[in-house]
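Let me begin by presenting the structure, written as structure tokens, before commenting on it.
All of the numbers you see were taken from the coordinates with simple rules; none came from a lab. What you see is a predicted model, and the numbers here were worked out from it, not measured in a lab. Positions of Cβ are backbone-derived with ideal geometry, glycine not excepted, and every protein chain shown enters the neighbour counts.
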Amino acid sequence: MPLPKPPFAGSCLCGSVQVSITAPPLLTLACHCRDCQKLCASAYSLTAMFPIDSFSCIGELIKGGLGSEGREHYFCKSCLNFVFSKIGAAQRINLRTSVLDDAASFEPFVEIMTDKKMPWVNIPAAHSFAGFPETIEDLQALMDEYSQR
């Protein structure tokens with residue numbers, strides 16, 4: 001599937017939180033960790049990473065999902081839809097793909113935490129990791145490969 005082209009827009013379930021993005025995604029992924037399973041009430045979460053300076057969000061958010069050390073998870077204050085996460089000091093956000101208007105265009109390129117994957121789940125990702133990519137260089141190589149699609 002070709003790389004989606006910006007700009008992108010989307011909203012939470014009730015429409016109170018609106019997101020817009022002006023850059024292409026850095027990477028798309030499916031995460032099978034137990035935190036994501038519980039936060040998304042699903043077998044996995046779908047994420048599109050974007051540069052933080054390309055992302056804007058209007059509407060009232062609350063921080064939740066506090067069990068995930070080093071991560072801040074943001075939800076719509078009204079409908080409690082999981083919207084995005086920030087991880088440490090990274091200069092990117094992890095947007096829940098499902099909030100985007102054209103969510104189907106963001107096929108996961110990578111799946112992570114497959115050691116926690118439900119046995120009946122099949123993701124058409126180009127790369128799979130039992131945990132996370134081991135180094136920041138490995139993550140950068142995945143983002144570079146993704147950008148060439």
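Its relative contact order, with pairs defined as Cα atoms under 8 Å and 6+ residues apart, puts the range 34-149 at 20 percent.
Excluding same-chain neighbours fewer than eight residues apart, the lysines reachable from Lys38 by a Cα-Cα span under 18 Å are Lys63, Lys86, Lys116, Lys117. If only the Cβ of Lys and Arg carry +1 and only the Cβ of Asp and Glu carry -1, the dipole of the range 1-104 around its Cα centre is close to 160 debye. By the count of neighbouring beta-carbon atoms within 10 Å, fewest first, Arg34, Arg92 end up ordered Arg34, Arg92. Kirkwood analysis of the Cα pair distances in the range 8-147 returns a hydrodynamic radius of 15.2 Å.
Just checking the listed ones, Cys31, Cys76, Cys40: in the Gaussian network model of the chain with Cα springs under 10 Å, the one fluctuating most is Cys40.
Give me the percent of Cα-Cα pairs in the range 5-83 that sit more than 18 Å apart, rounded to a whole number. Result: 46 percent of Cα pairs exceed 18 Å. For the chain, build the charge dipole from Cβ charges (+1 Lys, Arg; -1 Asp, Glu) around the Cα centre, then report which of Ala9, Cys40, Thr28 sits farthest towards its positive end. Final value for the positive-end residue is Cys40.
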